[in-house]
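What follows is calculated from the coordinates using simple rules that are stated; it is not laboratory data. Owing to the predicted nature of the structure, the values given are computational and were not obtained by experimental measurement. With ideal geometry, Cβ positions are generated from the backbone for all residues, glycine too; neighbour counts draw on all protein chains shown.
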Amino acid sequence: KEKEAFESLIREKAAMVIPEEREGKSDGCQQFSQNIPSSTMSADTRIAGGRNQSNQDRKIIVDVREFRSELPSLIHKRDIDIVPVTLKIGDYILSPDMCVERKSLGDLIGSLNSGRLYNQVVAMTRYYQRPILLIEFVKNKPFVLESKRFHPGEISFQDLSSKMALLTLQFPKLRLLWCDSPHAAAELFEELKRNHDEPDPNYATEVGDEENGVVQYDVYTPKTQDFVLKLPGVSVKNYRSIMNNIKDFQELRTTSKERLIELLGNAHIGKNLWEFLHSSNKNTTASAATTKKKTR
């Protein structure tokens, strides 16, 4: 009965007549019109009399290549100014620390297979504190990444869901958002911008251009960070102390136990790291001595 109820609901919705001004596809739709009447605008109760807030200063920085889609025009209709520039990192800049990379489902699959998405996420996490990956699905198609019957049930480098899971594990700051249409994406952007500062077009265009000397959010390569984080006792809370005060791995191996305890801020953790570094050295020396005896 439950299945029949859902099938009946789907059939009725498919044949349902929706007024053109409420469907959201025409310029006459009031919800997406830029000149929204004051009665539909949200009122701020903190202002005397509950006067409506002015949204004239809101803006989103958009990469010029994104104007091939309808999303920038839908954002503009929501009373948000569009600043078209050539971005080296990201597609939409919502705030000084919020960057969005938009991917259609086909582009997402191609970017994951080629490794381009990994490089894009690396750049976003390096320069922005809140990197966002927006997945835009196709309307009237299943709202899923892949069918369950093709899911292997375990982590596989050939599986799309596994690649997405590994991407989120590699970049904990990355946020995944998805929507089923550009209209939903425009509404989502408006919600994300709420109570955030406006982005700076000059900084957005210079980000990623090393000749301009823009300060990076993360000055270390992801591979270097991953290596340091795999050391015993090193976590996201103390790894920067190691990387900011130790030049290279050779210096780390020769650092005293007291110095490591001071950098990590914990006697037990510092001792474990020091013993790990020197135990590997002892094992190497012992194996070398054994080899010399055998050769004799």
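Taking 25 Å as the limit for the C-alpha separation, the pairs Lys77/Lys103; Lys139/Lys173; Lys13/Lys59; Lys13/Lys77; Lys230/Lys257 exceed it in the case of Lys139/Lys173; Lys13/Lys59; Lys13/Lys77.
Using the Cβ-Cβ distance between Arg175 and Ala14 with R0 set to 35 Å, the FRET efficiency from 1/(1 + (r/R0)^6) comes to roughly 0.55.
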